[in-house]
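Asker: Have a look at this one.
The values are calculated or read from the model by the stated rules, or taken from the named source; none is laboratory data. It should be emphasised that the depicted structure is a prediction, and the values quoted were computed from it without experimental measurement. Cβ coordinates were reconstructed from backbone atoms using ideal geometry, including for glycine residues, and neighbour counts include every protein chain displayed. Side chains are part of the model used for accessible areas, which takes the heavy atoms of the whole protein and leaves out ligands, DNA and RNA. Shrake-Rupley method; radii C 1.70, N 1.55, O 1.52, S 1.80 Å.
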Amino acid sequence: MNVIFKTAVVLAVVASTSTISNKMKTVNTNKSTVTWTGKKLGGSHNGTIKLKSGDLQFNDSKVTGGNFTIDMTTIDVTDLTGENKTKLEGHLKSDDFFATSTHEEATLVFTNVKEKSPQVYEVTGDLTIKGITNPITFDLQANDSSATTQLNIDRSKYDVKYGSKSFFKGLGDNFIYDNFEVDVKLVY
């Protein structure tokens with residue numbers, strides 16, 4: 001009986017230690033920032049978009065997982081003002097681009113995390129935009145209270161066709177590059 005009791009105590013300690021070392025950190029969506037840059041020949045536009053929710057999974061101090069929801073209805077253009085700003089925001093939310101009336105959210109779910117060096121991880125995840133999911137790989141730098149990354153997203157993989165040479169021939173110089181950048185700073 002004494003051996004059984006000691007074994008139970010050891011198992012309880014191991015279980016509680018592993019529970020303590022695994023921790024989900026909820027992202028503070030008000031303090032976190034997501035900025036985007038889209039480029040065209042001879043120029044670019046940039047802006048922000050808001051996180052709706054997000055969590056990073058840690059084992060001890062190492063990132064092991066994560067999932068995020070982006071509120072696509074919050075697309076904001078920051079390099080224009082007035083009527084030009086309003087028109088571009090409306091166009092980005094339209095069916096030509098992100099169709100936010102029917103696809104209000106985009107998601108990113110980590111599927112694999114590999115430590116590259118202390119506090120730097122190679123992350124592979126499933127990115128869903130407009131209901132279409134594709135894998136994406138990026139580097140994430142994370143510490144105890146914040147994380148940063150830059151995503152390079154190919155919009156043509158998500159049926160975002162407007163001004164894309166991947167879908168339309170003969171655009172000449174009137175095209176928009178398929179890849180756009182998203183810079184993310186997470187605070188938790």
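Asker: Going through F168, F180 one at a time, which residue ends up being within 27 Å of G42 (Cα to Cα) and either in a loop (DSSP other than H, G, I, E, B) or in contact with a His (Cβ under 7 Å, 6 or more places away or on another chain) (or both)? Write out each step before concluding.
Answerer: Numbers: F180 fails: either in a loop (DSSP other than H, G, I, E, B) or in contact with a His (Cβ under 7 Å, 6 or more places away or on another chain) (or both).
Among F168, F180, only F168 is within 27 Å of G42 (Cα to Cα) and either in a loop (DSSP other than H, G, I, E, B) or in contact with a His (Cβ under 7 Å, 6 or more places away or on another chain) (or both).
Asker: Moving on to the next point. What is the residue count in the range 140-172 for residues that are open to solvent by 70 Å² or more (accessible area, probe 1.4 Å) and within 22 Å of K31 (Cβ to Cβ)? First the steps, then the outcome.
Answerer: From the range 140-172, those open to solvent by 70 Å² or more (accessible area, probe 1.4 Å) are 141, 144, 150, 152, 157, 161-162, 165, 167-170; that's our starting set.
Adding the requirement that they be within 22 Å of K31 (Cβ to Cβ) leaves 141, 144, 150.
Total satisfying the criteria: 3.
Asker: Being surrounded by fewer than 16 Cβ atoms within 10 Å (Cβ to Cβ) and closer than 20 Å to T100 by Cα, is that true of even one residue in the range 57-73?
Answerer: Yes: one or more hits.
Asker: Something else about it: Give the residues of the range 74-99 that are basic (K, R), surrounded by 15 or more Cβ atoms within 10 Å (Cβ to Cβ) and more than 24 Å from V27 (Cβ to Cβ), sorted by residue number.
Answerer: K85
Asker: Checking the conditions here, which among V123, V113 is open to solvent by 30 Å² or more (accessible area, probe 1.4 Å), within 19 Å of K23 (Cβ to Cβ) and in a strand (DSSP E or B)? Show your work before the answer.
Answerer: Details: V123 fails: open to solvent by 30 Å² or more (accessible area, probe 1.4 Å).
Testing whether each residue is open to solvent by 30 Å² or more (accessible area, probe 1.4 Å), within 19 Å of K23 (Cβ to Cβ) and in a strand (DSSP E or B) leaves just V113.
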